[in-house]
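J.: Sending over a structure as structure tokens; questions will come in a sec.
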Amino acid sequence: MSGRLMGSEKCAVCDGNLSAELLVHSQPDRFEQYVGISSKDYVRRWLECENCGTATNIHQTENLEKLRNIASNYYEIDFSNSTIAEKYNKIMALPDDESDNADRVNRIQRLLERFKHITNAPRKVLDIGAGTGVFLSKFLKEEEKTSRDWLALGVEPDPKAVQHLRGLGFFKVDEKIYDEAYEGNNYDLITLNKVVEHLENPNELIASAGRGLCKDTGILYVEVPDVLTIGRRSDTDNIVGALHNYLYSTQGLEISFKRAGMETLGVFRIVEPSGKLSVAGFAVWPEFIDRWAAWT
């Protein structure tokens, strides 16, 4: 193999050995083509961790270097035939039974309702990697129907996306890559929707996001693509594309929570309305469990 992600043969989630070859790509995808990666002698592999079952995307070293700077113009590539606003409006108009985001909001709301007696008012929500803003917009619209009041912030590094997000006028937007500056800000809800898999060090992001929560009221929600996608969707699907570093197992996400020092409220698989397969989970600090146990 001519190169490995991060130059390591170990799983970044659990430090297990990468062994079984789950999928081999012999042609670059559209993101790789955009940065000038040639099909000549091209190979990219998904290897499974023998310990936690998470799959790691293994690149040739020279190709990985070219991909590392793509974040600043991601939407220029992804929405080359439409605008971010058009994509936003199309998704927001979907019926709830066809919307991944409506499904996502619903499961978060169910958990918030369960623990409604131990949260703050007004509450603070941070969406890391806000993207097109569909999730946070949908969440705030649905929460208007409840007695909960939210102060909302979206963090997004892409300037085109930020311009769009600010134009929505529903929430505050920070144009930056998430960093430790948000730690200790006592959020009641922090969401990472299809973000963690883009990072080379996923556990670091999950742990940092956890530190941004209020210890006794905060809930972390993480959603990532499922390793079971391999063999069940096309090999040219974006989910197994070059920009995803990992496809998670349920065990892998639970390990990430544990390594952050957090307690898992639940980790589960989802077949989304769009047909995507995802792994998602909720995590809290031990202080949250202590407070809930005392309240009940």
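The values are calculated or read from the model by the stated rules, or taken from the named source; none is laboratory data. None of these values were measured; they are calculated from a predicted model. Every residue, glycine among them, receives a Cβ derived from its backbone with ideal geometry; neighbour counts consider all protein chains shown.
J.: I need every pair where a residue in the stretch 170-183 that is within 11 Å of I128 (Cβ to Cβ) has its Cβ under 6 Å from the Cβ of a residue that is crowded, with 17+ Cβ neighbours inside 10 Å and β-branched (V, I, T), sequence separation at least 6 or different chains.
T.: Taking only residues 6 or more apart or on different chains, the pairs are D174/V155; Y178/I128; Y178/V155.
J.: Of all the residues that make up the stretch 249-296, how many are of a type outside the set (A, V, I, L, M), over 26 Å from T236 (Cβ atoms) and in a loop (DSSP other than H, G, I, E, B)?
T.: 3
J.: So, one more: Could you tell me whether E86 is modelled with pLDDT of 90 or more and surrounded by fewer than 18 Cβ atoms within 10 Å (Cβ to Cβ)?
T.: The answer is yes for E86.
J.: For T132, are the conditions met, namely being under 21 Å from A85 (Cα atoms) and part of a loop (DSSP other than H, G, I, E, B)?
T.: yes
J.: Hey, another quick one. Quick one: which of V125, V105 is among the β-branched types (V, I, T), assigned to a strand (DSSP E or B) and either surrounded by fewer than 16 Cβ atoms within 10 Å (Cβ to Cβ) or touching a residue at least 12 places away in the same chain (Cβ under 8 Å) (or both)?
T.: V125
J.: Under 7 Å between Cβ atoms, which residue pairs at least 6 apart in sequence (or on different chains) link something in the stretch 212-235 that is within 18 Å of E50 (Cα to Cα) with a partner that is outside any strand (DSSP E or B)?
T.: Pairs found: V227/G53; V227/T54; V227/S249; T229/I239; T229/V240; I230/V240.
J.: Further question on the same structure: Looking only at strands (runs of 3 or more DSSP E) that lie completely in the stretch 144-247, which have at least 2 residues being buried (at least 22 other Cβ atoms within 10 Å of the Cβ) and of a type outside the set (A, V, I, L, M, F, W, C)?
T.: Output list reads 150-156, 189-193, 219-225.
J.: I would also like to ask the following. Select from the stretch 25-39 the residues that are surrounded by 12 or more Cβ atoms within 10 Å (Cβ to Cβ) and of a type outside the set (D, E, K, R) and list them in ascending order.
T.: H25, Q27, P28, F31, Q33, Y34, V35, I37
J.: Every residue in the stretch 1-24 that is more than 21 Å from N238 (Cβ to Cβ), small (G, A, S) and either loosely packed, with under 15 Cβ neighbours inside 10 Å or modelled with pLDDT of 90 or more (or both), please.
T.: Those that are more than 21 Å from N238 (Cβ to Cβ), small (G, A, S) and either loosely packed, with under 15 Cβ neighbours inside 10 Å or modelled with pLDDT of 90 or more (or both): S2, G7, S8, G16, S19, A20.
J.: Turning to a different aspect of this structure: Being within 22 Å of S208 (Cα to Cα), at pLDDT 95 or above and basic (K, R) is the filter here, so list the residues in the stretch 125-182 that pass it.
T.: If the condition is that a residue be within 22 Å of S208 (Cα to Cα), at pLDDT 95 or above and basic (K, R), then K172 is the only one that fits.
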